[in-house]
1. Give me the pairs, please: first residue somewhere in region 1-18 and charged (D, E, K, R), second residue anywhere and modelled with pLDDT of 70 or more, beta-carbon distance under 7 Å, and either six or more positions apart or on two chains.
2. In region 23-50, how many are at pLDDT below 75 and of a type in the set (D, E)?
Amino acid sequence: MHVFTGVADSPAAALRRAHEVYDAALAAHTAGLEIPGKQPDSWGAPGLRPDWQME
């Protein structure tokens, strides 16, 4: 399970932000860096499971 938190004004915006946060968190993890916390717009991926694929 991937856990995303944040506010969006539409389902499409929520899906877009979830993908952006996931991509940033996965890139950080892959580079051996700490997964970033919440972004300025309150989005974050505290439950990232890098071995699972987001669909």
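The values are calculated or read from the model by the stated rules, or taken from the named source; none is laboratory data. No experiment lies behind these values; they were computed from the predicted model shown. Reconstructed Cβ throughout: ideal geometry from the backbone, glycine too, with neighbour counts over all protein chains shown.
1. Going by the 7 Å Cβ cut-off, the qualifying pairs are R17/G6; R17/A8; R17/W43.
2. 1
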